[in-house]
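Asks: Here's a structure for you.
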Amino acid sequence: MATGGKKPSQLLNDWPEAHIDDGLFKYVLIEAYATDPEQPDAEHSKLLVRGNLTAEYHADVYDVEEELLTEKGLSCQCLGGGRILHDKSKKYIKVYGYSVGFGLADHTKTVEILKSKYPDYNIEWTNDGY
């Protein structure tokens, strides 16, 4: 577990909130957690959005991020999923649908995170569709 001497809470703070591909793909909303050894009662958390073109299932997206977090001594849980249509050339993102395995993500939280990473994009969402 290589952490570069950083506390778990520092690692979590530095962890990118959003990482998505360009195109149409499945995504998951993840809550990641960190507990510092000196303060075991103070748990820190952060929401993450992850999506990629190569995932056949939402669990494929989640499993990759869970492994990366676990390697750094962090933990996480999946809060749900859906789909994202990301068109870089038009600076447009649409968040919609749900995950059969994980349920419906709170797309409003997903959009908040994406707006912070893509402030000049037109971003919309709906619970409709699959």
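The numbers here are math on the coordinates, done by the rules we state, and not lab data. If you're wondering where the values come from, they're calculated on a predicted model, not measured in any experiment. Methodologically, a virtual Cβ is constructed for each residue, glycine included, from the backbone with ideal geometry; neighbour enumeration extends over all protein chains shown.
Asks: When you go through Leu85, Leu79, Leu29 one by one, which is the residue that is aliphatic (A, V, I, L, M), surrounded by fewer than 17 Cβ atoms within 10 Å (Cβ to Cβ) and either touching an Asp or Glu at 6+ places or on another chain (Cβ under 6 Å) or not in a helix (DSSP H, G or I) (or both)?
Replies: From the options Leu85, Leu79, Leu29, the qualifying one is Leu85.
Asks: Considering only residues that are under 17 Å from Gly23 (Cα atoms), among the charged types (D, E, K, R) and surrounded by fewer than 19 Cβ atoms within 10 Å (Cβ to Cβ), which ones fall in the stretch 88-114?
Replies: Lys88, Lys90, Lys91
Asks: Of the conditions (1) surrounded by 14 or more Cβ atoms within 10 Å (Cβ to Cβ); (2) within 12 Å of the chain's Cα centre (by Cα); (3) at negative phi, Lys72 clears all except one; give me its number.
Replies: Condition not satisfied by Lys72: (2).
Asks: May I pose another question? Name the pairs whose Cβ atoms lie under 8 Å apart, with the first residue in the stretch 10-21 and touching a residue at least 40 places away in the same chain (Cβ under 8 Å) and farther than 19 Å from Gly51 by Cα, the second among the charged types (D, E, K, R) and part of a loop (DSSP other than H, G, I, E, B), and 6 or more positions between them or separate chains?
Replies: Qualifying pairs under 8 Å: Leu11/Lys72.
Asks: Is it the case that Leu53 is within 21 Å of Lys88 (Cβ to Cβ) and either under 15 Å from the mean Cα position of the chain (by Cα) or among the small types (Gly, Ala, Ser) (or both)?
Replies: Spelling it out, Leu53 is indeed within 21 Å of Lys88 (Cβ to Cβ) and either under 15 Å from the mean Cα position of the chain (by Cα) or among the small types (Gly, Ala, Ser) (or both).
Asks: Follow-up question, since we're still on this one. Need the failing condition index for Tyr57 against (1) under 19 Å from Val100 (Cβ atoms); (2) crowded, with 16+ Cβ neighbours inside 10 Å; (3) aromatic (Phe, Trp, Tyr), just the number.
Replies: The number of the failed condition is (2).
Asks: On to the next question. Please indicate, with yes or no, whether at least one residue in the stretch 70-80 is over 18 Å from Asn13 (Cβ atoms) and among the acidic types (Asp, Glu).
Replies: No, that holds for no residue.
Asks: Please tell me if Glu112 is under 13 Å from the mean Cα position of the chain (by Cα) and without any contact (Cβ under 8 Å) to a residue 24 or more places away in the chain.
Replies: For Glu112, the condition - under 13 Å from the mean Cα position of the chain (by Cα) and without any contact (Cβ under 8 Å) to a residue 24 or more places away in the chain - is met.
Asks: Also: Note down all Cβ pairs under 9 Å where the first residue falls in the stretch 117-128 and is in contact (Cβ under 8 Å) with a residue 12 or more places away in the chain, the second is polar (S, T, N, Q), and they're at least six residues apart or on different chains.
Replies: Qualifying pairs under 9 Å: Trp125/Thr108; Trp125/Thr110.
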